[in-house]
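Student: What follows is a structure written as structure tokens; I'll ask about it next.
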Amino acid sequence: MVETPSVSRQNSGEADEISQLKIGVLALQGDFIEHIHMFRKLGIEAVEVRKPSQLAGLDGLVIPGGESTTIVKLINMFGFAAELHAFVDRGGALWGTCAGMIVIARELTDPYPEPLGLMDICVSRNWFGRQVDSFEDQFEFNGIEGGPFLAVFIRAPVVESVGDGVDVIARLADGKPVAVRSGNRLATAFHPELTDDSRVHEYFVAMVKEGATVR
Ligand code: GLN
């Protein structure tokens, strides 16, 4: 059972803690700038990450949507892989959205790219078809209050199976998992950064805060 972060109950003390957090968004390819804007709107320091050495100063990291084969290629080219594992192992919070979810998976149903194995999930790419099959859907997100979340899916993946200790926190009506959490790791198949609803970003900030206080 994942502990529910209390994202909607911030007092002024918590606001102080939040202002000390630093979240990075991997800015090699994809829609990193939309995540940066969302975190800044929440009063969080958010930076574009282009070098592995930047991970040392971060409490949380987002791997954004984009094109997973390209992102994996660039991660390897710039020497990020080992540093990403070290970041997660020392308790840094990690969130992969869409292509980012593919990148952090343990296994894919596709032969490529070679995922990084940062989260114990098996993922199918392009599950819903091509770009023209992009869509919006609404569903409850376990741990987020305030009613269903309207989610944007763009050539999105789904989670096929999860390992021990990974919780499914959102599903489509047909039961397909589209958001999963395991401790300091979060993966979503959709794009919360492309809506005005910041609740998933607030959920991640609560995860980052939990990790930052125990480290
Ligand atoms: N289909 C893309 C891929 O496989 C992911 C799409 C997205 O991030 N919106 O990488």
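Student: So R130 passes all but one of these: (1) of a type in the set (K, R); (2) touching a residue at least 40 places away in the same chain (Cβ under 8 Å); (3) within 16 Å of the ligand (Cβ to nearest atom). Which condition number does it fail?
Tutor: (2)
Student: Restricting to the range 30-72, count the residues that are at positive phi and surrounded by 15 or more Cβ atoms within 10 Å (Cβ to Cβ).
Tutor: Result for the range 30-72: 2.
Student: Restricted to the range 53-67, and to residues that are without any contact (Cβ under 8 Å) to a residue 60 or more places away in the chain and within 16 Å of the ligand (Cβ to nearest atom), which residue is nearest to R90 (Cα to Cα)?
Tutor: Top of the filtered list is I63.
Student: Further question: Give me the residue from the range 192-207 that is open to solvent by less than 50 Å² (accessible area, probe 1.4 Å) and touching a helix residue (DSSP H, G or I) at 6+ places or on another chain (Cβ under 8 Å) and, out of that set, farthest from the ligand (Cβ to nearest atom).
Tutor: V205
Student: I'm checking my understanding of the structure. Among residues of the range 104-116 that are free of Cβ contacts under 8 Å to residues at least 40 places away in the same chain and surrounded by 13 or more Cβ atoms within 10 Å (Cβ to Cβ), which one is farthest from the ligand (Cβ to nearest atom)?
Tutor: E107
Student: So for the range 78-101 (the condition being over 19 Å from Y203 (Cα atoms), within 13 Å of the ligand (Cβ to nearest atom) and in contact with a strand residue (DSSP E or B) (Cβ under 7 Å, 6 or more places away or on another chain)), does at least one residue qualify?
Tutor: no
Student: Additional query: Looking at the range 96-106, can you tell me whether even one residue there is touching a Phe, Trp or Tyr at 6+ places or on another chain (Cβ under 9 Å) and not aliphatic (A, V, I, L, M)?
Tutor: Yes.
The values are calculated or read from the model by the stated rules, or taken from the named source; none is laboratory data. Small disclaimer: the values here were computed from a predicted structure and weren't measured. Positions of Cβ are generated from backbone atoms using ideal geometry, with glycine treated the same way; all protein chains shown enter the neighbour counts. Heads up: the accessible areas ignore ligands, DNA and RNA and are worked out on the full protein's heavy atoms, side chains in. Shrake-Rupley method; radii C 1.70, N 1.55, O 1.52, S 1.80 Å.
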